Amino acid sequence: MIKIAPSVLSADFAHLEQSLEAVASADYLHVDIMDGIFVPNYSIGFPVVEAIRRSTSLPLDVHLMVVQPGRYVERFCDAGADIVSIHVEADTEANLHAALGRIHAKGKKAGVVVKPNTRAEAVIPFLKEVELILVMTVEPGFGGQSFMADMLPKVTEIRKLIDREKPDCELEVDGGVALDTYKLCVFSGANVLVSGSGIFKAENIPARIAELRE
Ligand code: DX5
Ligand code: ZN
């Protein structure tokens, strides 16, 4: 079954509760955290994640675009995250293993993320210990960018690794996923689709979520 994760970055933060009600039929709520260093943009911090937690019953899929994410993973777990994903480019391998361990110690699911210029093999050291792998299909930092179709072979490559080594691991794509691109992601092996503008800009948001799941 395909899972849909609306990216709250594209929601109307002045009417957060209504925005979250509109996506209640989704599977996860994707929450982007940006530190202005790992990516050239800031987004939201702990108080807003806590407010989101209180306003939806969807599992929160928190995507940390933050350098040395191990410094903050426990606080995001405490703020209400259900899944916390960290970038493989964001720290040393040893520190990333330690961060994944700290997420699990909080009883939460852990994931790793790869940027467009990072090869599929970069996930191998983490494959056995994560519940989710996220392949970026845009350069992280901003919503509303164009989908990078040249990331699809990497999705297929990671799908093969997952099927071989960790079949219950989820494979998520993020960036430019919308009506014109979601099928390519599914055919390439993704089972979780993050979509920001593709969902929140739709006239009928619940209908768009249903369409993306087909
Ligand atoms: C980009 C973020 C995405 C973003 C996706 O750095 O990680 O989650 O919100 O937005 P769309 O779907 O509009 O590309
Ligand atoms: Zn994201």
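How much accessible area per residue does the chain have, counting only protein heavy atoms and a probe of 1.4 Å, in square angstrom?
43
Hey, got the dipole for the chain? About the Cα centre, +1 on K and R Cβ, -1 on D and E Cβ, debye to the nearest 20?
Result for the chain is approximately 280 debye, rounded to the nearest 20.
Dipole of region 43-97, Cα-centred, from +1 at each Lys and Arg C-beta and -1 at each Asp and Glu C-beta, to the nearest 20 debye? Could the numbers behind the result be given before it?
Working: 4 positive and 8 negative charges, 50 e Å.
Computed about the Cα centre, the dipole is about 240 debye.
Within straight cross-link reach of Lys201, meaning Cα distance under 20 Å, which lysines are found once same-chain residues fewer than 8 apart are removed?
Reachable lysines: Lys3, Lys183.
From the residues Pro140, Val31, Val114, which one has its Cα farthest along the dipole of the chain in the positive direction, the dipole being from +1 and -1 charges on Cβ of Lys/Arg and Asp/Glu about the Cα centre?
The Cα lying farthest towards the positive end belongs to Val114.
I'd like to know which of Leu212, Val177, Ser197 lies farthest towards the positive end of the charge dipole of region 78-214, counting +1 on Cβ of Lys and Arg and -1 on Cβ of Asp and Glu.
Of Leu212, Val177, Ser197, it is Leu212.
Which distance in nm do the two modelled labels at Asp78 and Ala94 give, with both placed 7 Å along the Cα-to-Cβ direction?
Spacing of the two 7 Å Cα→Cβ label points: 2.7 nm.
Within 15 Å, Cβ to Cβ, of Gly144, how many net charges do the neighbouring residues add up to if Lys/Arg are +1 and Asp/Glu are -1?
Its environment carries a net charge of -4.
Across the chain, how large is the tail of the calculated P(r) beyond 20 Å, expressed as a percent of all Cα pairs?
Value for the chain (Cα pairs over 20 Å): 53 percent.
Which FRET efficiency value, to the nearest 0.05, do you get for Phe13 and Ile124 by plugging their Cβ-Cβ distance into 1/(1 + (r/R0)^6) with R0 = 30 Å?
It comes out at approximately 0.20.
Using R₀ = 35 Å, calculate the FRET efficiency as 1/(1 + (r/R₀)^6) where r is the Cβ-Cβ separation of Ala105 and Glu214; round to 0.05.
Rounded to the nearest 0.05, the efficiency is 0.40.
With a cut-off of 8 Å between alpha carbons and a minimum separation of six or more residues, what is the relative contact order of the chain in percent?
21
Would you calculate, for the chain, the mean residue ellipticity at 222 nm contributed by helices, counting each DSSP H stretch of 4 or more residues as -39,500 (n - 2.57) and dividing by all residues, to the nearest 500?
So the calculated ellipticity at 222 nm is -9500 deg cm²/dmol.
In nanometres, what is the gap between the two model label sites at Glu139 and Ala51, each 7 Å from Cα along Cα-to-Cβ?
Going from the Glu139 label point to the Ala51 one covers 3.0 nm.
Of the heavy-atom accessible surface of the chain (probe 1.4 angstrom), what whole percent is carbon and sulfur?
About 52 percent, which is the carbon plus sulfur part of the accessible surface.
The values are calculated or read from the model by the stated rules, or taken from the named source; none is laboratory data. Source: prediction; values computed, not measured. Don't worry about glycine lacking a Cβ; one is built from the backbone with ideal geometry, like all the others, and counts go over all protein chains shown. Remember, those area values only see protein heavy atoms, side chains included, never the ligands or the DNA or RNA. Shrake-Rupley method; radii C 1.70, N 1.55, O 1.52, S 1.80 Å.
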